[in-house]
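The values are calculated or read from the model by the stated rules, or taken from the named source; none is laboratory data. Values in this document were obtained by computation on a predicted structure and should not be read as measured data. For neighbour counting, all protein chains shown are included, and Cβ atoms are generated from backbone atoms with ideal geometry for every residue, glycine included. Please note that ligands, DNA and RNA were not included when accessible areas were found on the heavy atoms of the full protein model with its side chains. Shrake-Rupley method; radii C 1.70, N 1.55, O 1.52, S 1.80 Å.
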Amino acid sequence: MRSPRLLLVSGLLALMPLAAAPAIASAQEGNGPPLQAKRMTEQERIDLDGRIEESAWERAIAITDFTQQEPVEGGPPSRATEVRIAYDRDNLYIAAILFDDPDQILARQRARDAFLFTDDRFAWVLDTFRDGRTAYHFETNAAGVLSDGLVTGSGGRGGGGGGGGFGGVNRSWDGIWEVRTARRPDGWSAEVQIPFRTLNFNPDDSSWGINFQRSIRRHNEEILWRGYRRTEGLTRLVFAGELAGLEGLSQGIGLEAVASAIGSWRHTPGDADPTTFPRDLSVDLNYSVTPSLRASLSLNTDFAEVESDQRRVNLTRFPLRFPERRDFFLEGSSVFQFAPRSGPQPFFSRRIGIEAGQQVPIDYGVRLTGQFAGVDLGFYQMGTSTHSFAESGPEDFVRLESEVFTVARARVPIFEQSSIGAIYTRRGTTTDSTGFAPADRHTLGADLDYRSRNFLGSNNLEIEGFFVWNSNPDPTAGRSFQDLSAWGGRVNFPNDIWSGHVSYREFGDDYSPAVGFVARNDFRRIEPRIGWSPRPDIDWIRQLEFSVQLRNLWELGSGILEEQELQLNALEVNFESGDNLNFQAVRTYEFLDRSFEISDGIEVSPGDYTTWEYRFRGRTTSRRPVSIRGGVNYGEFWNGERARVDLNANFRPNPGINFETGYERNAVALPQGNFITNLYRLEGSWDPTPWIGLTNQLQYDDVSRVLGLFMRFRWILKPGNDLYLVYTHNWRNLESGLLDEPADPEWLQLRTLSRGAAIKLNYTYRF
């Protein structure tokens with residue numbers, strides 16, 4: 001009898017003949033009549049001012065057939081919306097009139113890439129390959145915010161439309177486009193210009209997938225052009241409509257140059273040369289090999305403008321994962337998604353150029369992303385230089401050798417919205433000071449992503465399967481194929497009233513992709529979940545949610561049950577106002593085969609532990625000037641107790657001004673010792689216009705005892721041309737806690753670990 005692992009691989013290979021067939025002509029066929037784009041004449045011009053007064057808009061055909069998704073599925077919108085599309089050789093233009101009461105419009109956000117949960121918004125997606133899998137996501141508000149991202153997933157249960165359609169969007173991507181808005185006596189309007197050079201597409205196709213969504217916050221109302229059902233939504237691209245009539249589009253010669261100049265000052269006490277003035281030039285060259293396949297070369301890549309990671313306190317035995325923020329790795333990143341709900345993650349871009357929170361210099365980077373013959377392709381070839389830094393102080397010096405990285409990914413579409421793919425990574429490290437050169441480390445994997453919108457009628461169904469193997473990191477040690485591999489699958493039923501999933505996965509004892517991220521290995525896990533989310537006929541309640549999830553995790557070698565978690569979502573209430581309350585009870589069993597230090601000098605001993613924890617969380621709607629979210633966890637914790645409190649408050653006194661405070665406290669009482677952790681976060685931003693913004697971030701936790709300050713000024717001279725001024729400062733508190741009772745008058749003793757400032761200018765030129 002063949003093993004389940006062999007059956008999974010055989011099943012993936014059996015689908016290859018299907019992958020050899022041409023890609024589907026359109027995932028959006030049958031979703032209603034298309035929106036006709038109007039070609040502009042040579043004499044016509046659009047003055048981007050948001051007023052929609054040009055003759056091209058008079059000739060363009062408007063769509064008005066929007067439908068309510070929330071609060072009444074299929075109902076008429078409370079306010080009308082008109083959208084028109086025009087284009088010339090180089091640009092796509094979108095005009096939207098959003099009828100409303102002028103004094104009721106909410107537009108508090110102005111920052112680039114702001115989350116618009118707070119505001120009335122207009123959003124749209126462009127599925128330029130009409131494959132129902134990936135797309136560009138854009139949105140704006142009445143203040144003219146530029147916010148964008150890449151649609152990389154299914155969009156969550158029901159497409160996320162009821163929650164604003166943000167599910168499945170990688171919002172860190174920044175495209176070059178413009179929008180202007182205007183207030184009107186009958187509402188507000190927006191004019192959008194998207195250069196075709198910003199997008200990848202097949203010029204032989206005269207139609208794209210497109211969809212629009214409007215949010216009216218004071219009503220907590222969501223309306224869409226297509227895909228208005230709660231099982232659909234904006235980011236479920238297979239439900240999008242069709243944009244027709246696109247002909248004669250140009251991407252120029254397809255060459256783009258992005259030059260960056262940076263000058264900085266750094267001061268690190270304790271270094272042999274504590275004060276330095278680094279300065280450099282970096283260049284990114286982007287070339288469209290074909291209109292749908294883009295190659296990039298980056299030299300002396302620098303990310304001085306990237307915000308600091310949000311601080312977290314880790315009370316587990318496993319490492320934390322932080323999101324990617326660097327533009328070079330975000331462009332075209334959707335193709336590198338690999339079985340995202342199962343977590344094997346054979347490629348994690350933060351393994352390149354980041355070590356222990358430090359930026360490692362990247363000498364060069366080559367990237368290829370896009371489509372060729374209907375196949376999604378992604379490729380990286382990167383090189384980093386040697387780098388030395390003090391990990392926790394001048395006495396703890398770390399030297400990193402130069403490395404080369406290779407990542408290759410292919411994903412072939414099958415059926416209507418499914419795909420089969422493969423991935424390969426390599427990591428090579430140069431000889432260190434002792435003359436030792438570790439062997440190159442390789443990873444190889446295959447995955448299946450199957451999706452259907454017609455399961456048992458009109459329900460969504462998703463099936464995910466994967467297999468990954470990595471080479472032996474220590475050839476002197478004998479390791480089996482099972483030790484070095486991971487495999488599994490997941491069946492997901494992401495729908496509105498009933499939802500659920502069941503997943504199975506195995507991670508070998510030595511499964512550790514050299515360019516990937518794995519929090520835990522050496523386990524076999526099965527996890528079923530079922531959820532019921534009724535919509536009672538009560539005016540002030542939109543939806544109730546109940547669910548139960550059971551996770552069992554066994555050690556692979558011994559078969560010992562190492563973890564069992566029963567999570568009962570006893571009651572979650574989504575109010576019509578947008579407020580939310582949730583109560584959970586969680587029973588956890590864990591078996592420890594070795595001790596671990598949970599806090600300085602406090603260890604958890606090997607043994608069996610069964611605990612109950614109760615969690616109460618809530619949030620107020622973000623459309624108000626002041627909104628709050630937070631929760632309380634209380635219950636047993638290992639062989640003692642823990643009380644956890646977290647609270648976040650947002651203050652928006654005026655448009656463009658935002659303050660956010662965050663606090664987390666863990667009070668742990670164990671027989672072997674008690675300890676308390678505190679984490680503080682204060683963020684503020686002032687954005688007088690969508691083109692100018694000042695961001696400040698201050699963070700402190702009394703585990704690392706590091707107080708960190710990040711300040712950034714950004715001026716978007718024009719899309720693609722940016723000026724940054726950045727200042728960072730890190731102190732270490734020599735006492736145990738920032739707010740401890742003072743033991744002496746000098747109780748707060750801060751020692752500078754590092755500080756620095758930088759000025760960076762980006763300039764983009766397109767040929």
- For residue 40, what accessible area in Å² do you get when you roll a 1.4 Å probe over the heavy atoms of the protein chains, rounding to the nearest 10? 20
- Task: Place a +1 charge on the Cβ of each Lys and Arg in the chain and a -1 charge on the Cβ of each Asp and Glu, then give the dipole magnitude about the Cα centre in debye, rounded to the nearest 20.
- Result: 880
- residue 206/residue 287 FRET efficiency (R0 25 Å; Cβ-Cβ; nearest 0.05): 0.50
- Which residues' amide hydrogens lie under 5 Å from the amide hydrogen of residue 417, considering only partners 5 or more residues apart or on another chain, with H built in the peptide plane? 451
- Note on the structure: Given backbone amide H placed at 1.01 Å from N, residues whose amide H is under 5 Å from that of residue 348, ignoring those fewer than 5 places away on the same chain, are 516, 517
- Task: Quick one: dipole size for the stretch 481-639, taken about the Cα centre, charges +1 on Lys/Arg Cβ and -1 on Asp/Glu Cβ, in debye to the nearest 20.
- Result: 860
- For the stretch 586-700, report the translational diffusion coefficient in µm²/s to the nearest whole number, using Stokes-Einstein at 25 °C, 0.890 mPa s, and a Kirkwood Rh over Cα pairs. 145
- With every protein chain in place, what's the accessible area of residue 82 (1.4 Å probe, Å², nearest 10)? 40
- Message: Suppose all protein chains stay in the model; what accessible area per residue would a 1.4 Å probe give for the stretch 464-539, in Å²?
- Response: 42
- Query: What net charge do the residues around residue 48 carry, taking every other residue with its C-beta under 15 Å from that of residue 48, with Lys and Arg at +1 and Asp and Glu at -1?
  - Reply: -4
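Figure the gain on full extension for residue 358 and residue 538 (residue separation times 0.36 nm, minus the Cα-Cα span) and round it to one decimal in nm. All intermediate terms of the calculation are to be shown ahead of the outcome.
Working: separation 180, 0.36 × 180 = 64.80 nm, distance 5.25 nm.
Stretched fully, the residue 358-residue 538 segment lengthens by 59.6 nm.
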- In degrees between 0 and 90, to the nearest 10, how far off the longest principal axis of the chain does helix 4-14 point, with axes built from Cα atoms? 30
- Message: As a test question: what accessible area, to the nearest 10 Å², does residue 97 have when a 1.4 Å probe is rolled over all protein chains in place?
- Response: 20
- Quick one: net charge of residue 38's neighbours, Cβ under 12 Å, K/R +1, D/E -1? -2
- Task: Could you work out how far the C-alpha centroid of the stretch 545-624 sits from that of the stretch 673-692, in angstrom?
- Result: 26
- Task: Quote to one decimal, in nm, the extra length available between residue 90 and residue 711 on full extension: 0.36 nm per residue of separation minus the C-alpha distance between them.
- Result: 219.9 nm
- Compare 707, 725 by solvent-accessible area with a 1.4 Å probe and give them largest first, with all protein chains kept in place. 725, 707
- Extension reserve of the residue 308-residue 749 stretch, reckoned as 0.36 nm per residue once the Cα distance is removed: 156.4 nm
- Message: Could you give me D for the stretch 469-585, from Stokes-Einstein at 25 °C and 0.890 mPa s, where the hydrodynamic radius is the Kirkwood radius over C-alpha pairs? Units µm² s⁻¹, please.
- Response: 145
- Do the sum for the chain: with -39,500 (n - 2.57) for every DSSP H run of n ≥ 4, divided by all residues, what is the mean residue ellipticity at 222 nm, to the nearest 500 deg cm²/dmol? -1000 deg cm²/dmol
- Item | Sequence of 317, 121 from largest to smallest accessible area, 1.4 Å probe | 317, 121
- Note on the structure: In this structure, the FRET efficiency calculated for residue 317 and residue 568 from their beta-carbon separation, with R0 = 25 Å, to the nearest 0.05, is 0.55
- Item | Heavy-atom accessible area ranking, 1.4 Å probe, most first, across 188, 686, 532 | 686, 532, 188
- Message: Name the residue from 677, 37, 215 whose Cα lies farthest towards the positive end of the charge dipole of the chain, charges +1 on Cβ of Lys and Arg and -1 on Cβ of Asp and Glu.
- Response: 37
- Item | Formal net charge of residues neighbouring residue 335 (Cβ-Cβ distance under 13 Å; K, R +1; D, E -1) | 0
- Quote the FRET efficiency, to the nearest 0.05, computed for residue 597 versus residue 725 with a Förster distance R0 of 45 Å and r equal to the Cβ-Cβ distance. 0.65
- Item | Projected-area average for the stretch 265-345 over all orientations - Cα convex hull basis, square nanometres | 9.4
- With N residues in the chain, what two-decimal value do you get for its Cα radius of gyration over 2.2 N^0.38 Å? 0.97
- So how far, in whole Å, is the C-alpha centre of the stretch 226-267 from the one of the stretch 627-647? 41
